[in-house]
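Read-outs: derived from the displayed coordinates by stated rules, not from any lab. Owing to the predicted nature of the structure, the values given are computational and were not obtained by experimental measurement. Neighbour counts run over all protein chains shown; Cβ positions are idealised from the backbone, glycine included.
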Amino acid sequence: MKLSVWTYEGPPHVGAIRVATGMKKVHLVLHAPQGDTYADLLFTMIERRNHRPPVTYTTFQARDLGSDTATLFKTACLDAYNRFKPDLLLVGASCTAELIQDDPGGLAEALGLPIPVVALELPSYQRKENFGADETFYQIVRRLAVPVERSENITCNLIGPTALGFRHRDDIVELTKLLDDLGIDVNVCAPMGATPADIAHLGRAHFNVLMYPETGELACRHLERHLDQPFTKTVPIGVGATADFIREIGTIIGKPDLAPSEQSRLPWYSASVDSTYLTGKRVFLFGDGTHVMTAARIARDEIGFDVVGLGCFNREMARPLRSFAKSMGLEALITEDYLEVEKTIAELSPELILGTQMERHIGKRLGIPCAVISAPVHVQDFPARYSPQMGPEGANVIFDTWVHPLVMGLEEHLLTMFRDDFEFSDSAGPSHHAAHTPNQSVNPTAAVHQQSAEIIWLQDAESELRKIPFFVRGKARRNTEKYAADKGFAEISIDTLYEAKAHYAR
Amino acid sequence: MPNDLAPLGCGQAPVLKQRGQHEVFCGLTSIIWLHRKMQDAFFLVVGSRTCAHLLQSAAGVMIFAEPRFATAILEETDLAGMADAHVELERNVSELLSRRPDVKRLFLVGSCPSEVIKIDLATMAKKLSEKYAPHVNVINFSGSGIETTFTQGEDACLEAVIRDLETSDKTQLAVLGALPDVVQDQMLRLLTQMGIADVMVLPQVTSDTHSVVGPNTHFICAQPFLGASYDEMVRRGAQPISAPFPFGAQGTTAWLAAIADRFDVPQSTFDAVIAAPKARAEQAIAKVAETLSGRSIFFFPDSQLEIPLARFLANECGMVLTEVGSPYIHRALVGHDLDALADHVVISEGQDVDKQLDRVFDCKPDLTVCGLGLANPLEAEGLSTKWAIELVFSPIHFYEQAADLASLFARPLMRSDLLRVGDVA
């Protein structure tokens, strides 16, 4: 048993629903009790889909348990087939149905439906949402994809985008545009937008673009083994990664000098003098492994931030993320415990969080600005406007999104100079962005402060500390207290404060 | 699924009983408002990752404060019997209580998986209560989807709370059902003005309030979904007061009148107390009714508020009822409201969502009340919808909120009249 307040991922059957909802002419019959239909609202509300997810829930109740839930499942399957006439039926069980062991696969097979039926094993008590999506799509590909003749022109498949994915809708458009620019056509994009017939034709493509390893890697590995299709390992988020991605494709198709005609504005925006103030801003990153690793590279190499910590919630990515973090001289935080992430952020006191919807909450509580880089996300992260993360336009979007919550250029200096202005103080946050006004009632360092009660802050040192910008104040307080403790001081004076500052200066 | 038409003999309307896919929440969802209402309580769901995901999705992950609920997520080792569920739960509870020393009432909430693998939470609750007495009272109820629908979670919680109350001969009025604070204060003011001062409201905001129950307790439900709590009160010897639910001017008047009658409040006092707020409510409703009058409405089953709300919208706002669906129909509770509905109205109980969708498309109502999973898909088909969940989160009871309640239904209609955005489907 594991105590959990918020979760980063849903159960594996939600991953299966993401695949089914992304595809066309597919229907999923899920053996599940009443209540599991809540999953529908993730798609209809958060993603604003205008259709119900193609899912039938058997809705068994306590009184069915003693009798015949198997018949209930078969009836639901038949009704769903007759009503929706899909080209492919997926069957599976949610957590409770897994316990009653009705064997949805065997029951559906016995119905003898004239369409392929794929039975999903979704171990609810071991695995999570991303696994569910990865596994579901893999099973579909394994069942339907057959060797076919390669297309004459050079084509690829886009693999991995699903319903409810973070910016998947726009990443597909951006990559299709980028590939077209390079003279490569997209054969099939899947799961998003694909029909079962499209899956059967995956083999026409010369290679696969693995957009999201979290949801498409199993399928890509299968296609590599069985249809001899290589797949790209670089996820093209950021300027450097996009360039690497193009080089990787060049190697795959034997055209080493591939070059796109369109370039991102990020390099110039980052080089322009206004961006000087971004230098060394301390950032913390948390999300799914893929988005965190790509974002960390952008943060360090393309914007000039100081990455002070990073982590992911999906254990499947623990190994690559750990070695990536090591290459940055950091230790990765691999956890799905929201409180642990909050604690780490409070301790690090970064100036910017790049995270998920959860970290947005943490940021609000701690008064630290946050930009979202990864699922899980909320309704505002499905914007009406075009806003990909991948390719040249993705880099533009990322630059704008990350810089937006920060205090801008000269404003920062003015805040330092005129700290006591009642309207123009740092506690009001960036003047262009009221939504990130720090919450004064929550003090991230309160606990730390209490622990060091034996060391007394003298009145003038305390007021001097208040003149330090709020986003580094916590760190300054801790450093000073540590310095004082190390030196065996009982009191902290203004001098101690500045001695500590000099001591920790880099 | 057969649609067997069983006559209910109430309001002469046959009830369409539906068995099929239910597009509704399970009882765990009640925790979303219960944990805000009960300020010294913590709700620990013993369940799966699905339960945890449901709670945060239903809450829209919009609660910025640390919530007073959490899930003890069952893992493979718990199922394989490798870990003793009781020991594991005890460890989780101790971890939780050490982090939240302010918790005075801990609810162990059963879920589908905990019921299927038969974790005995009742015994656990008793054991833990003894361990943590007198600081923490541990109570158990089930919010599982195999037994409860949405608001029935509050019913199950309240039933457990009532079971825990001490017995007393004290003469008092008990009002059952979680109400927004502002609404509860209005209600208590009206009752006090009528001379009824000894009022116990369940669930209690904090456990410090000494609540008792017994043969001289007269009780009334403020929410229509409290069937099990009603039965438990009767078992404890309390005497039910039966009335329409306090929605709208008429509903509120009838509800208050039933209480006044039981407590022998003089007619003149009663009239004096309600005169001003009643007039205000009628006047305010009349304005909103201009939008609602003559418009047709269709209810998908959701919170069990459907029948009382249908009464209000038809009889006080002039709306035309088509189908009124409810997950369950407790006749002892909604009988008065059901009797007040016109007999041509289709009353349905339970759900087979695909068939119900066929019916809503056949009837093309001006407004459809449904859950969040259906609202956008129906909007895309050109139907105006009202999210049902808002009705359990908003102050809608009694005189001062009567027009607000009507406005919740008027707003989508006004909006679709207002927008000039072309075809959205």
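In table form, for the structure just shown:
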{"item": "Summed residue charge, Cβ within 10 Å of A:Pro54's Cβ, Lys/Arg positive, Asp/Glu negative", "result": "+3"}
{"item": "Peptide B:136-147 - average C-beta neighbours from other chains (10 Å radius)", "result": "3"}
{"item": "Magnitude of the charge dipole, the stretch B:227-329, Cβ model with Lys/Arg +1 and Asp/Glu -1, debye to 20", "result": "140 debye"}
{"item": "B:Ile347 long-range amide H proximity, modeled H, under 5 Å", "result": "B:Leu16, B:Val324"}
{"item": "Net charge over other residues, Cβ less than 9 angstrom from the Cβ of B:Cys26 (K, R count +1; D, E count -1)", "result": "-2"}
{"item": "Loop sites in the stretch A:43-124: GluC sites (Glu not before Pro), DSSP, at most 16 other Cβ within 10 Å", "result": "A:Glu121"}
{"item": "Folded to 0 to 90 degrees: helix A:494-504 orientation relative to chain A principal axis, Cα", "result": "50 degrees"}
{"item": "Rough spin-label spacing in nm, given labels placed 7 Å along Cα→Cβ, for A:Glu262 and B:Asp164", "result": "6.0 nm"}
{"item": "Amide hydrogen neighbours beyond the local backbone of B:Ser296, cut-off 5 Å, H modeled", "result": "B:Val320, B:Asp366, B:Leu367"}
{"item": "Check: the protein assembly as shown dipole with +1 on Lys, Arg Cβ and -1 on Asp, Glu Cβ, in debye", "result": "460 debye"}
{"item": "Among B:Cys363, B:Cys221, B:Cys26: highest mean-square fluctuation, GNM of chain B, C-alpha pairs under 10 Å", "result": "B:Cys363"}
{"item": "Chain A: angle of helix A:239-253 to the longest principal axis, Cα-based, in degrees nearest 10", "result": "30 degrees"}
{"item": "Potential lengthening between B:Leu188 and B:Ser296 on full extension [0.36 nm per residue; Cα-Cα distance subtracted]", "result": "35.4 nm"}
{"item": "Listed peptides A:347-354, A:266-273, A:291-298 by packing density, highest first (mean Cβ within 10 Å)", "result": "A:291-298, A:347-354, A:266-273"}
{"item": "Sorted by Cβ density within 10 Å, fewest first, the residues B:Asp198, A:Asp337", "result": "B:Asp198, A:Asp337"}
{"item": "Cross-link partners of A:Lys74 among lysines (Cα-Cα below 27 Å; sequence separation of 8 or more within a chain)", "result": "A:Lys24, A:Lys25, A:Lys85, A:Lys128, B:Lys17, B:Lys118, B:Lys355"}
{"item": "Most mobile of B:Glu154, B:Glu232, B:Glu323 in a GNM of chain B (Cα contacts under 10 Å)", "result": "B:Glu232"}
{"item": "Beta bridge orientation in chain A: antiparallel %, DSSP, nearest 5", "result": "5 percent"}
{"item": "Residue among B:Val212, B:Val87, B:Val45 with the largest mean-square fluctuation in a Gaussian network model of chain B, springs linking Cα atoms under 10 Å", "result": "B:Val87"}
{"item": "Packing-based order for A:253-265, B:347-359, using average beta carbon neighbours within 10 Å, highest first", "result": "B:347-359, A:253-265"}
{"item": "Dipole of the protein assembly as shown, positive end: most advanced residue of A:Leu164, B:Ala133, A:Val239 [Cβ charges, Cα centre]", "result": "A:Val239"}
{"item": "Contact order relative to length of the stretch A:266-406, as percent, for alpha carbon pairs under 8 angstrom and 6 or more apart", "result": "22 percent"}
{"item": "Charge context of B:Ser129, other residues only, Cβ under 11 angstrom, K/R +1, D/E -1", "result": "+2"}
{"item": "Note, ³J(HN,Hα) from phi for the stretch B:331-345, Karplus 6.51, -1.76, 1.60, rounded to Hz, x at Gly and Pro", "result": "5, 4, 8, 9, x, 4, 5, 5, 4, 7, 8, 5, 7, 8, 6"}
{"item": "Taking chain A and dividing mean pair separation by its residue count, relative contact order in percent (alpha carbons under 8 Å, at least six apart)", "result": "12 percent"}
{"item": "Theoretical FRET efficiency, 1/(1+(r/R0)^6), r = Cβ-Cβ of B:Asp358 and A:His378, R0 45 Å, to 0.05", "result": "0.85"}
{"item": "DSSP bridge orientation in the protein assembly as shown - percent antiparallel, rounded to nearest 5", "result": "10 percent"}
{"item": "Order of B:Ile285, A:Ile334, A:Ile368 - criterion: other Cβ atoms within 10 Å of each residue's Cβ, fewest first", "result": "A:Ile334, B:Ile285, A:Ile368"}
{"item": "Neighbour cut-off at most 13 other Cβ (10 Å), DSSP loop, trypsin sites (Lys or Arg not before Pro), the stretch B:378-425", "result": "B:Arg420"}
{"item": "For peptides A:32-38, A:390-396, A:6-12, sequence by mean Cβ density within 10 Å, most packed first", "result": "A:32-38, A:6-12, A:390-396"}
{"item": "Chain B - share of DSSP beta bridges that are antiparallel (%, nearest 5)", "result": "10 percent"}
{"item": "Crossing angle, helix A:470-487 versus chain A [Cα axis fit, 0-90 degrees, rounded to tens]", "result": "60 degrees"}
{"item": "Magnitude of the charge dipole, the stretch B:166-262, Cβ model with Lys/Arg +1 and Asp/Glu -1, debye to 20", "result": "200 debye"}
{"item": "Linear extension gain, A:Glu121 paired with A:Val186, 0.36 nm per residue minus alpha-carbon span", "result": "20.3 nm"}
{"item": "Percent RCO, i.e. relative contact order, over the stretch A:1-80, from Cα pairs under 8 Å lying at least 6 residues apart", "result": "30 percent"}
{"item": "Order of B:Arg235, B:Arg280 - criterion: other Cβ atoms within 10 Å of each residue's Cβ, fewest first", "result": "B:Arg235, B:Arg280"}
{"item": "Positive-end extreme of charge dipole, the protein assembly as shown - chosen from A:Cys95, B:His22, A:Gly391 (charges on Cβ)", "result": "A:Gly391"}
{"item": "Virtual spin-label span in nm between A:Lys482 and B:Glu130, 7 Å along Cα→Cβ", "result": "4.9 nm"}
{"item": "Integer Hz, Karplus 6.51/-1.76/1.60 couplings in order for the stretch B:346-360, x for Gly and Pro", "result": "7, 9, 10, 10, x, 7, 10, 4, 5, 5, 5, 5, 4, 5, 5"}
{"item": "Helical mean residue ellipticity (222 nm; -39500 (n - 2.57) per DSSP H run of 4+; nearest 500) of chain B", "result": "-14000 deg cm²/dmol"}
{"item": "Shielding score for B:357-363, defined as the mean number of other chain Cβ atoms within 10 Å", "result": "0"}
